């Protein structure tokens, strides 16, 4: 069965410091991975997807199939990055369910 | 109004009550979803509708009854709930089923349900 694990419930970093939010998954096939973000008083929204290989708001995430990880990284954290971050997995084609982790609350300290 | 709108935002009900949650999307999407978010647990998919047809029902108790009268509206009818059903219920939509598109879901702000 598929599972998404975000080991850190809370993560605090200073402004300008690098940040890495961890995500590990268990799935026997080739999944698609996503990061969703929820800023204060806003709704949950897509941040980035691994197949796009894009950088959004300075964030990147690389899918490591050997380590079954999809960590989210940013070299210099900004205060506006403070939010709740969720890693999500879409199993092989035909599945209609995004499996979410429990989320990590990132606080960037000024 | 644009996006995904959920009403009510907060609901308190007794175990014998019958109530409904409403979701409306103004994005022209074909698929709609109900998710449950409980404290310290991942989002759990409850129901998926595509073009008003239910395509997924993840072993949800029958005290939760979805209804999708058209592609813009989705309801979750609640009856004889239990205190453990207290949670944030999120509605989402996507252009097509998440498996057929980019995996992007558009979420509402949620309905916070408390069952006494």
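The values are calculated or read from the model by the stated rules, or taken from the named source; none is laboratory data. All of these numbers come straight from a predicted model, not from anything done at the bench. Cβ: placed from backbone, ideal geometry, glycine included. Neighbour counts: every protein chain shown.
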- prompt: Tally time: how many residues in segment B:28-49 are touching a strand residue (DSSP E or B) at 6+ places or on another chain (Cβ under 7 Å) and over 14 Å from residue B:73 (Cβ atoms)?
  reply: 10
task: Could you please find all residues in segment A:1-39 being in contact with a helix residue (DSSP H, G or I) (Cβ under 7 Å, 6 or more places away or on another chain) and surrounded by fewer than 17 Cβ atoms within 10 Å (Cβ to Cβ)?
output: A:15
message: Here's a check for you: in segment B:56-65, which residue that is within 14 Å of chain A (Cβ to nearest Cβ) and in contact with a strand residue (DSSP E or B) (Cβ under 7 Å, 6 or more places away or on another chain) is modelled with the highest pLDDT?
response: B:60
Filtered residues of segment B:89-110 (kept if surrounded by fewer than 17 Cβ atoms within 10 Å (Cβ to Cβ) and facing chain A (nearest Cβ under 8 Å)): B:102, B:104
- line: Residues in segment B:33-55 that are surrounded by fewer than 16 Cβ atoms within 10 Å (Cβ to Cβ) and either assigned to a strand (DSSP E or B) or away from chain A (no Cβ under 11 Å) (or both) total 5
message: Quick check on my filter: what residues within segment A:75-96 are part of a loop (DSSP other than H, G, I, E, B) and within 14 Å of chain B (Cβ to nearest Cβ)?
response: A:91, A:92, A:93, A:94, A:95, A:96
- request: Please work out if residue A:72 is at pLDDT 95 or above, at negative phi, surrounded by 17 or more Cβ atoms within 10 Å (Cβ to Cβ) and more than 9 Å from chain B (Cβ to nearest Cβ).
  value: yes
field: For residue B:98: the one exception among (1) under 17 Å from residue A:96 (Cα atoms); (2) not in a loop (DSSP other than H, G, I, E, B)
entry: (2)
- request: Spot the failing condition for residue B:70; the list is (1) within 13 Å of residue B:22 (Cα to Cα); (2) crowded, with 17+ Cβ neighbours inside 10 Å, and only one is missed.
  value: (2)
message: Can you tell me which of (1) part of a strand (DSSP E or B); (2) over 17 Å from residue A:88 (Cβ atoms) is the one residue A:67 doesn't meet?
response: (1)
query: Of all residues in segment B:56-94, how many are part of a strand (DSSP E or B) and either closer than 20 Å to residue B:32 by Cβ or without any contact (Cβ under 8 Å) to a residue 12 or more places away in the chain (or both)?
result: 23
query: Hey, residue A:42 hits all of (1) surrounded by fewer than 15 Cβ atoms within 10 Å (Cβ to Cβ); (2) part of a strand (DSSP E or B) but one; which does it fall short on?
result: (2)
query: Out of (1) at positive phi; (2) under 15 Å from the mean Cα position of the chain (by Cα), what's the single condition that is false for residue A:62?
result: (1)
message: Cβ-Cβ distance below 9 Å, separation of 6 or more or different chains: which pairs start in segment B:10-24 with a residue that is over 9 Å from residue B:76 (Cβ atoms) and end on one that is surrounded by fewer than 12 Cβ atoms within 10 Å (Cβ to Cβ)?
response: B:12/B:116; B:13/B:116; B:14/B:116; B:15/B:82; B:15/B:83; B:15/B:116; B:24/B:1
query: Somewhere in segment B:73-88, is a residue closer than 25 Å to residue A:40 by Cα and within 12 Å of chain A (Cβ to nearest Cβ)?
result: yes
